[in-house]
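The values are calculated or read from the model by the stated rules, or taken from the named source; none is laboratory data. Model, not experiment: these values are computed from the prediction. Counting neighbours? That spans all protein chains shown, and the Cβs are built from the backbone with ideal geometry, glycine included. Remember, those area values only see protein heavy atoms, side chains included, never the ligands or the DNA or RNA. Shrake-Rupley method; radii C 1.70, N 1.55, O 1.52, S 1.80 Å.
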Amino acid sequence: MMNDIFKSHPIIKKVAMLKANDLYPFFRKIEDSEGTVVKVDGRDLIMVGSNNYLGLTHHPHVKECAIKAIEKYGTGCTGSRFLNGNLTIHEELEEKLATYLGHEKAIVFATGMQSNLGAIPTICGPKDLLLFDSENHASLIDASRLAMGTTFKYKHNDMASLEKLLEENINRFKNITIVADGIFSMTGDILKLPEIAQLAEKFGVNIYLDDAHGIGVMGDRGRGTMNHFGLTEKVDINMGTFSKSFATVGGVISGNTETIDYVKHTARSFMFSAAMAPSAVATVSACLDVINDPNENTHERLWSNVKLVRDGFAELGFYTYNSKTPIIPIFIGDDIKAMQVTQYLKEMGVFATPVISPAVPKGEALIRTSYMASHSHEELGKVLEVFKAAKEKFSIPSGLN
Ligand SMILES: Cc1ncc(COP(=O)(O)O)c(C=O)c1O
């Protein structure tokens, strides 16, 4: 019986132990949400554990456009873009996104994960090689498992390690693609794209960027990590998600016309899965309107909030991995301590989530916090106050052990 197999599994035992000790920090039930404040167990908590970087999930213009799209097209497309699910607003959004990102063409998928699962296998046939940063997102790892070719990993953001792999393999494979996150999701690290672009040019290989956390945040009005470095034309395929800054679900890949047309006619998660829902399409389009509206000051507010919090944590003596993005990880060390601190934050009115092994090496547990353009200074002040008290109560270290 399946039940017998999993009853004694270490994961199930660990979940039971954490629940028994009131330390289980996952699948919290959010009863209500105003964006920066959510209700859990009947209490308001300041949200610093989401990816809603621009705070647009509750923006009036964004909500209104999503509702109007439902009224016009209904709640779903009930089919693949390829067959019966291709709406005019899908194509309009793709044109808007291509212009925004600075690539010739873009296509949207139902999720970011599906974008990677679909696109990566199309660019990596049996004779091809993917060179992966060792901290790449799980969706890229799964995508590489679907690809017919070979994958080798280089050490995280270590250009010597990447160059060595390029030297060793350049004559062994037909097409080689360097694949990496633009912003690494746990630590907020920025990819060394200028060095990668130089290596790609030197060895004549391609670049695929998963910019899930960079799109909407980095560069000119959120045009992404490639724009931040002024290297848009050096990135062959850029992937982004709408599940973070763009306040809904969905994903996008962009590149030159032929590449994107090829992916459009071969990516299985695109062709054999239903189209992005109309309300999600309209949400992304409305987010672009807000981003491009100078009166909204979205990015000015985001970066001034990030500076305020980063300076605050530095003053309080937390180790934050030198983060330069809205993702500010707080080093804790021990897994159980990270969960105790998370629980304490909740009791004190702050929602954040721990990152524990195996997501990070044992002894390197952290609390991942992230900030929104829509957080008020008062909310951020309260968050810092609560972390200050937690530091004293749990002796949170000021550096890596
Ligand atoms: C780096 C990265 N890539 C891809 C994804 C998948 O995106 P989505 O949530 O749209 O499926 C995520 C989201 O967790 C991510 O952080």
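The table below gives the values:
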read-out	value
Residue within region 195-215 that is open to solvent by 10 Å² or more (accessible area, probe 1.4 Å), within 16 Å of the ligand (Cβ to nearest atom), outside any helix (DSSP H, G or I) and not hydrophobic (A, V, I, L, M, F, W, C) present	yes
Leading residue by the ranking (nearest to the ligand (Cβ to nearest atom)) among those in region 98-126 that are open to solvent by less than 40 Å² (accessible area, probe 1.4 Å) and hydroxyl-bearing (Ser, Thr, Tyr)	SER115
Filtered residue count, region 321-338, keeping only those that are polar (S, T, N, Q) and either touching a Lys or Arg at 6+ places or on another chain (Cβ under 7 Å) or open to solvent by less than 10 Å² (accessible area, probe 1.4 Å) (or both)	2
ASN305 vs. criteria of a type outside the set (Ser, Thr, Tyr) and at pLDDT below 95	no
Residue in region 210-231 that is under 30 Å from GLY76 (Cβ atoms) and touching a Cys at 6+ places or on another chain (Cβ under 6 Å) present	no
Count of residues meeting criterion [open to solvent by 70 Å² or more (accessible area, probe 1.4 Å) and in contact with a strand residue (DSSP E or B) (Cβ under 8 Å, 6 or more places away or on another chain)] in region 21-37	5
Inter-residue pairs, beta-carbon under 6 Å, first under 18 Å from GLU392 (Cα atoms) and in contact (Cβ under 8 Å) with a residue 12 or more places away in the chain and in region 301-319, second open to solvent by less than 70 Å² (accessible area, probe 1.4 Å) and part of a helix (DSSP H, G or I), 6+ apart	GLY312/LEU384
In region 367-401, the residues that are out of contact with any strand residue (DSSP E or B) (no Cβ under 8 Å at 6 or more places or on another chain), of a type in the set (Ser, Thr, Tyr) and farther than 12 Å from PHE331 by Cα	SER374, SER376
Entirely in region 217-284, the helices (runs of 4 or more DSSP H) that have 1 or more residues that are open to solvent by less than 10 Å² (accessible area, probe 1.4 Å) and in contact with a strand residue (DSSP E or B) (Cβ under 8 Å, 6 or more places away or on another chain)	225-228, 257-264
Identity of the residue in region 154-187, modelled with pLDDT of 95 or more, under 25 Å from ARG368 (Cβ atoms) and among the β-branched types (Val, Ile, Thr), that ends up farthest from the ligand (Cβ to nearest atom)	VAL179
Selected residue (only one of LEU97, LEU87 is in contact (Cβ under 8 Å) with a residue 60 or more places away in the chain and more than 22 Å from the chain's Cα centre (by Cα))	LEU87
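Condition check ((1) among the basic types (Lys, Arg); (2) open to solvent by 40 Å² or more (accessible area, probe 1.4 Å); (3) within 16 Å of the ligand (Cβ to nearest atom); (4) closer than 25 Å to ASN295 by Cβ) across all residues:
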{"residue": "LYS7", "(1), (2), (3), (4)": "yes, yes, no, no"}
{"residue": "ILE11", "(1), (2), (3), (4)": "no, yes, no, no"}
{"residue": "LYS19", "(1), (2), (3), (4)": "yes, yes, no, no"}
{"residue": "ILE46", "(1), (2), (3), (4)": "no, no, no, no"}
{"residue": "VAL62", "(1), (2), (3), (4)": "no, no, no, yes"}
{"residue": "ILE67", "(1), (2), (3), (4)": "no, yes, no, yes"}
{"residue": "SER80", "(1), (2), (3), (4)": "no, no, no, no"}
{"residue": "GLU91", "(1), (2), (3), (4)": "no, yes, no, no"}
{"residue": "LYS96", "(1), (2), (3), (4)": "yes, yes, no, yes"}
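Condition check ((1) of a type in the set (Phe, Trp, Tyr); (2) assigned by TED's automatic domain parsing to the domain that holds GLU378; (3) over 17 Å from SER245 (Cα atoms)) across all residues:
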| site | (1), (2), (3) |
| --- | --- |
| ALA267 | no, no, yes |
| ALA274 | no, no, yes |
| LEU302 | no, yes, no |
| VAL306 | no, yes, no |
| VAL309 | no, yes, yes |
| GLY312 | no, yes, yes |
| GLU315 | no, yes, yes |
| THR320 | no, yes, yes |
| SER323 | no, yes, yes |
